[in-house]
Amino acid sequence: MMSTFNFSAGPAKLPDAVMAKAQSEFTDWQGQHSSVMEISHRSSAFMAVAEAAEQNLRSLLAVPNNYKVLFVQGGGRGQFAGVPLNFSEQGQRALHLVSGSWSKGAVAESAKYNDAQIIASAEKVDGLSVFNPVTYEADANDAYCHFCPNETVDGVAFDWLPDVGSVPLVADMSSTILSQPLDVSKFGVIYAGAQKNIGPSGLSVVIVREDLLGKAQSITPSFLDYTLQAKHDSMYNTPPTYSWYLAGLVFEWLKDQGGLEHMAKVNKAKSELLYNAIDNSDFYANPVAVANRSKMNVPFTLADSELDSVFLSEALDSGLQALKGHRMVGGMRASIYNAMPIEGVQALVAFMQEFERKYG
Ligand SMILES: *Cc1c(COP(=O)(O)O)cnc(C)c1O
């Protein structure tokens with residue numbers, strides 16, 4: 001059988017070993033003659049799953065003790081609303097960096113609940129997206145500064161933190177969380193929709209510094225009230241139990257791989273392989289400045305866009321799936337999250353070189 005590799009941006013591929021384990025216990029989990037999705041979230045068996053998942057996530061990211069880790073619903077966009085509702089008052093200013101389409105979407109949602117202001121945006125310089133470090137004289141009353149360090153659609157990433165004084169930093173890490181070690185203590189809030197690097201869609205992980213809790217707007221829907229969820233160990237309403245279980249398997253897998261130091265090395269090697277292939281050819285191009293290139297989402301274009309559909313269909317014939325770029329960007333995009341083995345990137349590069357030989 002030909003090996004296939006799925007480059008979907010999200011919902012994205014999960015590790016093969018995780019899927020095999022989930023399959024092996026799908027209908028008979030821990031000898032219970034039931035699936036883990038068919039048992040009460042309040043049963044001691046599920047509580048153990050939930051707790052182990054949280055502990056493994058805490059240890060992978062070295063989450064300090066003064067942070068709560070929540071497993072809630074609503075994916076990424078749900079938290080676009082959850083953040084302003086929980087961490088600002090109506091009319092209070094919230095600072096936003098816009099590096100691409102997701103961080104732009106967060107501003108529009110935030111503006112429903114507070115005074116969301118864009119203080120810096122990525123630019124195009126010589127046709128390439130660039131986002132330089134941001135320093136901003138914030139007001140002591142500003143609620144927080146929101147940004148997205150890896151833009152899934154645009155392939156724009158940055159590793160600096162905005163300098164906004166003592167204003168808490170809030171980061172949408174949906175497509176980069178767990179791809180490398182992280183100093184959680186630098187952030188007020190980190191959140192991530194699960195379907196890129198954690199597990200199935202619908203679930204989101206929210207990591208929040210405790211002193212920021214307790215200030216939700218009175219209109220906050222209860223299920224999005226992080227303080228209430230923290231008080232109830234993320235079980236105020238029924239959590240997405242099966243997704244939580246799968247996320248737990250992913251965290252175990254990450255630990256078995258050697259943790260985030262190891263993932264960072266692999267992710268660096270994978271992205272370098274692909275960017276080198278793009279840079280060493282006049283046939284392919286990436287629209288992002290080198291300093292802002294994403295290690296997770298690699299958009300690229302062909303010199304002749306007439307060939308896009310041929311590229312996609314021949315790629316599919318070679319077992320390389322879901323390479324079509326986002327409809328707003330066009331071209332191609334290879335998403336190479338933790339679950340993508342280096343063999344997948346090697347197969348993609350070999351295919352790209354062969355395609356160029358044929359049509360270039
Ligand atoms: C996918 C994504 C989202 C949106 O997630 P949904 O679960 O579809 O709401 C938000 N932010 C980033 C960075 C993403 O990659």
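General observations
- The set of residues in segment 173-193 being under 17 Å from Ser59 (Cα atoms), assigned to a loop (DSSP other than H, G, I, E, B) and either in contact with a His (Cβ under 9 Å, 6 or more places away or on another chain) or of a type in the set (Gly, Ala, Ser) (or both) consists of Ser179 alone.
- Remark: pairs (first residue in segment 132-154, more than 17 Å from Val288 (Cβ to Cβ); second residue hydrophobic (A, V, I, L, M, F, W, C) and near the ligand (Cβ under 10 Å from one of its atoms); Cβ separation under 8 Å; 6+ apart in sequence or on different chains) = His146/Ala106; His146/Ala171.
- Options Val349, Val310, Val345, Val298; residue that is part of a helix (DSSP H, G or I), surrounded by 22 or more Cβ atoms within 10 Å (Cβ to Cβ), at pLDDT 95 or above and not assigned by TED's automatic domain parsing to the domain that holds Lys196: Val345
- For the residues Val170, Val205, the requirement of being away from the ligand (no atom under 12 Å from the Cβ), touching a residue at least 12 places away in the same chain (Cβ under 8 Å) and not in a loop (DSSP other than H, G, I, E, B) singles out Val170.
- Verdict on Asn65 being away from the ligand (no atom under 15 Å from the Cβ) and either closer than 21 Å to Leu213 by Cβ or not assigned by TED's automatic domain parsing to the domain that holds Asp211 (or both): yes
- Lone qualifier among Lys268, Lys196 - being away from the ligand (no atom under 16 Å from the Cβ) and either in the same structural domain as Ala50 (by TED's automatic domain parsing) or in a helix (DSSP H, G or I) (or both): Lys268
- Whichever residue in segment 134-154 is aliphatic (A, V, I, L, M) and more than 16 Å from the ligand (Cβ to nearest atom) and, among such residues, is nearest to Ser179 (Cα to Cα): Val134
- Only a single criterion out of (1) within 15 Å of the ligand (Cβ to nearest atom); (2) at negative phi is not satisfied by Ser222, namely (1).
- The set of residues in segment 80-113 that are under 16 Å from Ala140 (Cβ atoms) and of a type in the set (S, T, N, Q) comprises Ser88, Gln92.
- Evaluation of Ala81 against (1) under 30 Å from Gly344 (Cβ atoms); (2) within 16 Å of the ligand (Cβ to nearest atom) (one fails), failing number: (1)
- Tally of residues being outside any helix (DSSP H, G or I) and either surrounded by 19 or more Cβ atoms within 10 Å (Cβ to Cβ) or outside the structural domain of Lys68 (by TED's automatic domain parsing) (or both) across segment 221-238: 2
- Selection count, segment 170-217, where residues are closer than 15 Å to Phe158 by Cβ and basic (Lys, Arg): 1
- Just one residue in the set Arg293, Arg327 is under 23 Å from Val153 (Cβ atoms) and over 18 Å from the mean Cα position of the chain (by Cα); that residue is Arg327.
- The combined condition, being touching a residue at least 24 places away in the same chain (Cβ under 8 Å), over 27 Å from Val208 (Cβ atoms) and of a type outside the set (D, E, K, R), is fulfilled by Ser8.
- Residue list for segment 138-194, restricted to those being more than 23 Å from Arg333 (Cα to Cα), under 9 Å from the mean Cα position of the chain (by Cα) and of a type in the set (Asp, Glu): none
- Taken over segment 97-121, the criterion of being in a loop (DSSP other than H, G, I, E, B) and within 14 Å of the ligand (Cβ to nearest atom) is satisfied by Ser99, Gly100.
The values are calculated or read from the model by the stated rules, or taken from the named source; none is laboratory data. A quick note: this is a predicted structure, and the numbers were derived from the prediction, not measured. Note that each Cβ is placed from the backbone with ideal geometry, even for glycine, and that neighbours are counted across all protein chains shown.
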